[in-house]
Amino acid sequence: MFIGHAAVALAAKPLAPRASLALLLAAAFWVDMVWPVFLLLGIEQVRIDPGNTAFTPLDFVHYPWTHSLAAVIVWSLLFGLVCIRIGRLEALILGSLVFSHWLLDALSHRPDLPLWPGSGALIGFGLWNSVPATLIVECAMFAAGVAIYVRSAPSRDRIGTWAFWGLIGFFAIAYLGNAFGPPPPNVQAIAIAGIAGVALFTVWSWWADRHRGAKAR
Ligand SMILES: [Zn+2]
């Protein structure tokens, strides 16, 4: 899943108003932020295999340290702990967002998510086997997330409006590029695009979020 992760981060804003959208997104995408680094370090592996599922040309060969159920539980606890000084409720919501990543990936991937590193049991319900079903589910989630965020953090000025809608446009274009563009040329390109994309949307969402909501944080 891609914009489905953004959707839950956006939708979490009213539950944790003191957490910037940047942090909410970082939580929801956390294991996908670590994954490209682990790819470059050779700790995890992905293979480019057009047709692996209808929706993605990627074959997630080995990614137990970012995407096994056990690893995601540990990442969720760590993320929550690190964020505890923002507030207990915020820490709980941020930790839950990290965990939500596994549930959404389990829904969309074919069975390739291990329960723990080394486990032979692989989970995945295969929404990605259908492009229309993937688009319907993810776009509906994204639209709902945007609506919830906009209501709970109205813009205070023009930057708040334009930076936010620019960010939403960026997500939409990146998503459609993923869905309908050519497969990536190599694994290094996947990792670098992943890291660059995440860096961009983290800074961008932090900027937009500062211009939205009831008062300056
Ligand atoms: Zn993922």
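Odds and ends about this structure:
- Identity of the residue in the range 110-120, in a loop (DSSP other than H, G, I, E, B) and within 20 Å of W75 (Cα to Cα), that ends up nearest to the ligand (Cβ to nearest atom): D112
- For the range 44-74, the candidate set comprises residues that are among the small types (G, A, S) and closer than 23 Å to L135 by Cα; within that set, the residue that is nearest to the ligand (Cβ to nearest atom) is A54.
- Within the set A147, A153, A143, the sole residue that is surrounded by 16 or more Cβ atoms within 10 Å (Cβ to Cβ) and either in contact (Cβ under 8 Å) with a residue 40 or more places away in the chain or under 19 Å from the mean Cα position of the chain (by Cα) (or both) turns out to be A153.
- Every residue from the range 53-92 that is in a helix (DSSP H, G or I), crowded, with 21+ Cβ neighbours inside 10 Å and touching a residue at least 60 places away in the same chain (Cβ under 8 Å): E90
- None of I136, I168, I192 is open to solvent by less than 40 Å² (accessible area, probe 1.4 Å) and at pLDDT 95 or above except I168.
- Taking the numbered list (1) surrounded by fewer than 17 Cβ atoms within 10 Å (Cβ to Cβ); (2) of a type outside the set (V, I, T); (3) within 14 Å of the ligand (Cβ to nearest atom); (4) not in a helix (DSSP H, G or I) in turn, L103 passes all entries but (4).
- Residue in the range 14-31 that is within 14 Å of the ligand (Cβ to nearest atom) and open to solvent by 40 Å² or more (accessible area, probe 1.4 Å) present: yes
The values are calculated or read from the model by the stated rules, or taken from the named source; none is laboratory data. Treat the numbers as computed from the prediction; the structure is a model and nothing was measured. Every residue, glycine among them, receives a Cβ derived from its backbone with ideal geometry; neighbour counts consider all protein chains shown. All accessible areas refer to the heavy atoms of the entire protein, side chains included, with ligands and DNA or RNA removed. Shrake-Rupley method; radii C 1.70, N 1.55, O 1.52, S 1.80 Å.
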